[in-house]
Amino acid sequence: TLGAALCHADNTKKIELIAAAALKEKKPEIQAILVDALASSAKHDPAAATKALVKMIGKKDKGIRLHAIRGLAAARPDGVMEMLLKQLKDSDHTIRNEAAWALSQLGDFGEEIETTLIAMCGNRHPEIRINACLALGGGGIDSSVDALIKCLVDESWAVRSASVEALTRRRNPRCLGALIDLIENEQSRVRVELGESLAQLTRSEEHTSEL
């Protein structure tokens, strides 16, 4: 398909052509295809893709905005955190979910974003809880550890899995005890992940003590 072919753009000239076409296009369905391609190729030359992606994230069309968020996560332009914070507060849950996913790829965000992600850990949509947990793996405030520990008993195994992954990354002293408490009652595939996480954290503690 045309979209699939465009997604393989891997040099500045091709990316600039797609970006220019996306900015010029008036039909949302065609513009969405172009922005999807731009998002997929942004990693090859972020600077060439950034202007169009920033413009597209302000569009009304949800599909275009979803692709733009994905592209901005790859391009990582200046001001990306402010743009993603705005998307985290959007009325559409799919936009909020995509923004949380993007932040899970970026990390190193401020406290306002982190507190917004903490609130999202209680969202009724499991996919949002998953991406909020994954993003909080890159957080830094203590209250986000509390939120992740709470998610260890979520009804969705996928949310529990995301919380285990995030807590493993955080390496907060409280994480180890919370993971040990969970492994006794966990029956799903998350139990295997818990074992791997505990082994990793224990090795880390041993290495630290040796130093």
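The values are calculated or read from the model by the stated rules, or taken from the named source; none is laboratory data. Note that this is a predicted model, so its numbers are computed, not measured. For neighbour counting, all protein chains shown are included, and Cβ atoms are generated from backbone atoms with ideal geometry for every residue, glycine included. In case anyone asks, the SASA skips ligands and DNA or RNA and just uses the protein heavy atoms, side chains included. Shrake-Rupley method; radii C 1.70, N 1.55, O 1.52, S 1.80 Å.
Table: residues versus (1) without any contact (Cβ under 8 Å) to a residue 24 or more places away in the chain; (2) more than 16 Å from residue 141 (Cβ to Cβ); (3) out of contact with any helix residue (DSSP H, G or I) (no Cβ under 9 Å at 6 or more places or on another chain).
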{"position": "66", "(1), (2), (3)": "no, yes, no"}
{"position": "72", "(1), (2), (3)": "no, yes, no"}
{"position": "85", "(1), (2), (3)": "no, no, no"}
{"position": "90", "(1), (2), (3)": "yes, yes, no"}
{"position": "97", "(1), (2), (3)": "no, yes, no"}
{"position": "106", "(1), (2), (3)": "no, yes, no"}
{"position": "120", "(1), (2), (3)": "no, no, no"}
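Per the listing 91, 143, 163, the residue uniquely of a type outside the set (Lys, Arg), open to solvent by 50 Å² or more (accessible area, probe 1.4 Å) and part of a helix (DSSP H, G or I) is 143. In region 12-69, counting only helices (runs of 4 or more DSSP H) that sit wholly within it, the ones holding 2 or more residues that are within 21 Å of residue 96 (Cβ to Cβ) span 28-41, 46-56. Summed over region 169-198, the residues that are assigned to a helix (DSSP H, G or I), open to solvent by 100 Å² or more (accessible area, probe 1.4 Å) and either in contact with a helix residue (DSSP H, G or I) (Cβ under 8 Å, 6 or more places away or on another chain) or at pLDDT below 80 (or both) give a count of 2. Taken as a whole, the structure leaves residue 129 outside the set of residues that are surrounded by 20 or more Cβ atoms within 10 Å (Cβ to Cβ), among the basic types (Lys, Arg), without any contact (Cβ under 8 Å) to a residue 60 or more places away in the chain and farther than 23 Å from residue 194 by Cα.
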